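Read-outs: derived from the displayed coordinates by stated rules, not from any lab. Quantities reported herein were computed from a predicted structural model and do not represent experimental measurements. All Cβ positions, even for glycine, are placed from backbone atoms using ideal geometry, and neighbour counts span all protein chains on display.
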Amino acid sequence: MALQSDAIFEFIISKVNEDPAKAKAVNGIFLYIITKDGKQAKQWTMDLKAGKVYEGAPTGVKPNTTLTISDEDFVQLATGKLNPQSAFMKGKLKVTGNVMMAQKLGPLLKAADAKL
Ligand SMILES: *[C@@H]1O[C@H](CO)[C@@H](O)[C@H](O)[C@H]1NC(C)=O
């Protein structure tokens, strides 16, 4: 299934490939669970420790942080129309695992914002 968030992940992949050192500085493994109509639609792994971003669950590693968000809200978040804190407070963004680490993702998403 094609989702709106695919383009953002593709962009993040290109950013990470362009500057792997910057991604590795985040030094975390994140799993994004993207939902559509209340159901899980896709998973994306951001293994920034290894400088890799790919579709699907993490292979051979455990995520530090799992973020669950709908396709629409992820796009809003990445384009700066939705603030991560308020998304979290409103229950649009669910974070499990290391919550502090999720905050390090800001700059990568901001980069996507500049593009879209
Ligand atoms: C993140 O996960 C990796 C692998 O599971 C682990 O080695 C690392 O210590 C974790 N980092 C933090 C900050 O929890």
Original post:
GNM on the chain, C-alpha springs below 10 Å: top fluctuator among Phe74, Phe30, Phe88?
Top reply: Phe88
Original post:
Which whole-Hz ³J(HN,Hα) couplings does segment 49-59 yield from phi under the Karplus relation 6.51 cos²θ - 1.76 cosθ + 1.60, θ = phi - 60°, glycine and proline marked x?
Top reply: 4, 9, x, 10, 10, 8, 6, x, 6, x, 9
Original post:
What percent do you get for the relative contact order of the chain when only Cα pairs under 8 Å and 6+ apart count?
Top reply: 26
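What shape does the chain take by its C-alpha gyration tensor, where a ≥ b ≥ c are the square roots of the eigenvalues and a/c under 1.5 counts as rounded, a/b above b/c as prolate, and the rest as oblate?
Numbers: a/c = 1.31, a/b = 1.22, b/c = 1.07.
In terms of gyration-tensor shape, rounded.
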Subject >> For the chain, built as a Gaussian network whose Cα springs stay under 10 Å, the top-fluctuating residue of Gly51, Gly28, Gly80 >> reply: Gly80
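Taking 0.36 nm per intervening residue step and subtracting the Cα-Cα distance, what contour gain separates Val61 from Asn83 on full extension? Please report the intermediate quantities before stating the final value.
Working: separation 22, 0.36 × 22 = 7.92 nm, distance 2.90 nm.
Here the answer is 5.0 nm.
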Original post:
Separation between the Ala50 and Thr96 pseudo-spin-labels, each 7 Å from Cα along Cα→Cβ, expressed in nm?
Top reply: 2.2
Subject >> Of Val53, Val99, Val75, the one that fluctuates the most in a GNM where the chain has Cα springs shorter than 10 Å >> reply: Val99
Original post:
Tell me, what ³J(HN,Hα) does each residue in segment 17-30 have, in order and in whole Hz, if you take phi through Karplus 6.51 cos²θ - 1.76 cosθ + 1.60 with θ = phi - 60° and put x for Gly and Pro?
Top reply: 5, 5, 9, x, 4, 5, 5, 5, 5, 5, 6, x, 10, 10
**OP:** Quick one: grab the alpha carbon gyration tensor of segment 1-69, order the square roots of its eigenvalues as a ≥ b ≥ c, and give me rounded if a/c is under 1.5, else prolate or oblate depending on whether a/b is larger than b/c.
**Re:** oblate
Original post:
Hey, got the dipole for the chain? About the Cα centre, +1 on K and R Cβ, -1 on D and E Cβ, debye to the nearest 20?
Top reply: 340
**OP:** Output ³J(HN,Hα) for segment 68-81: one whole-Hz value per residue in order, computed from phi by the Karplus curve 6.51 cos²θ - 1.76 cosθ + 1.60 with θ = phi - 60°, and x for Gly and Pro.
**Re:** 10, 7, 6, 3, 4, 5, 5, 5, 4, 5, 5, 9, x, 7
Original post:
Under a 5 Å amide H to amide H cut-off, with H placed in plane at 1.01 Å, what residues pair with Gly28 once short-range neighbours are removed?
Top reply: Leu48, Lys49
Original post:
Over the chain, what is the percentage of antiparallel beta bridges among all DSSP beta bridges, to the nearest 5?
Top reply: 75
Original post:
Which part of segment 36-76 falls in the paramagnetic zone of Met1, meaning amide N under 12 Å from the point 7 Å along Cα-to-beta-carbon?
Top reply: 36-43, 70-72
Original post:
In what order do Asp71, Asp37, Asp47 fall by count of nearby beta-carbon atoms within 10 Å, going from fewest to most?
Top reply: Asp37, Asp71, Asp47
